[in-house]
Amino acid sequence: MNEPDSSQTQFWVKRWEVGKIPWDLGGIPPTLVSFLTRTRTPTRVLIPGCGSGYEVRAFHEAGHDVTAIEFSAPAVAHAREVLGPLGDKVVHGNFFKHDFAATRYGLIYERGFLCSLPPARWPDYASRMASLLSPSGRLVGLFLYGQEPEPPPFPLTEETAAGLLGRSFRLLRNESVAVSVPVYQGLEHWQEWEKIES
Ligand SMILES: C[S@@+](CC[C@H](N)C(=O)[O-])C[C@H]1O[C@@H](n2cnc3c(N)ncnc32)[C@H](O)[C@@H]1O
């Protein structure tokens, strides 16, 4: 029997339709609150695979120019409801196919997106991130490390992360997270990767 493919929209739409969203925190990760407190310079921010999109409001209220992108229609509808007047900051589209034209971001926020992708898609993730960031732009957020017997989520190892991101990024900060949603518990790390010229 074929395994369900988590790179496909339908995989995620099905979960959103039945409310099977165990990754959903219901709010802002404390590590993001602390990042926003120490990162005062406003920049253009992208949130790929934003789900409920709680972080859109947090970045907006911190003065950043934020856009989120999500390809599951029920998730987009939910995020727009959560965000009210900020709902138009959520683009309904595929991160890998959307035409971002010449827009480049100072910051891309990660939570639950890389680990939602089968590892075969990770090289596309790394190159897309690097190409959408401005020089010295940063890929920041929560990355999963460890073992998962029934992926997704697909966690990284230090070796795979170094191989994947090490060519285009330098790791500036790495902190393990004590408390996560059960499906990510013990796996989440707050990381900040700065784009380097290759
Ligand atoms: C595990 S959820 C994480 C959602 C959110 N970031 C969070 O932390 O709650 C992954 C989300 O990414 C979305 N997604 C997966 N691949 C995508 C793609 N190529 N483009 C846009 N959204 C995508 C899914 O629809 C799903 O809502």
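Brief remarks follow.
Let's see how each residue does on (1) over 17 Å from Glu55 (Cβ atoms); (2) at pLDDT 95 or above:
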| position | (1), (2) |
| --- | --- |
| Gly112 | no, yes |
| Pro123 | yes, yes |
| Ala126 | yes, yes |
| Pro149 | yes, no |
| Val177 | no, yes |
| Glu188 | no, yes |
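- Among the residues of the stretch 40-53, those that are out of contact with any Phe, Trp or Tyr (no Cβ under 6 Å at 6 or more places or on another chain) and surrounded by fewer than 20 Cβ atoms within 10 Å (Cβ to Cβ) comprise Arg40, Thr41, Pro42, Thr43.
- Condition check for Leu171: surrounded by fewer than 19 Cβ atoms within 10 Å (Cβ to Cβ) and at pLDDT 95 or above: yes
- Test: residue in the stretch 76-92 that is under 12 Å from the mean Cα position of the chain (by Cα), free of Cβ contacts under 8 Å to residues at least 24 places away in the same chain and surrounded by 22 or more Cβ atoms within 10 Å (Cβ to Cβ): no
- Just one residue in the set Glu55, Glu70 is within 16 Å of the chain's Cα centre (by Cα), under 24 Å from Thr37 (Cβ atoms) and near the ligand (Cβ under 9 Å from one of its atoms); that residue is Glu55.
- Scope the stretch 72-127; condition in a strand (DSSP E or B) and within 23 Å of Leu164 (Cα to Cα); matching residues: Tyr105, Gly106, Leu107, Ile108, Tyr109, Glu110, Arg111
- Within the stretch 128-161, the residues that satisfy the criterion of being part of a helix (DSSP H, G or I) and exposed (fewer than 13 other Cβ atoms within 10 Å of the Cβ) are Ser131, Glu158, Glu159.
The values are calculated or read from the model by the stated rules, or taken from the named source; none is laboratory data. What you are looking at is a predicted structure, and each value in this text was computed from that prediction instead of being measured. Because the Cβ atoms are built from the backbone with ideal geometry, glycine has one as well, and the counts that use them run over all protein chains shown.
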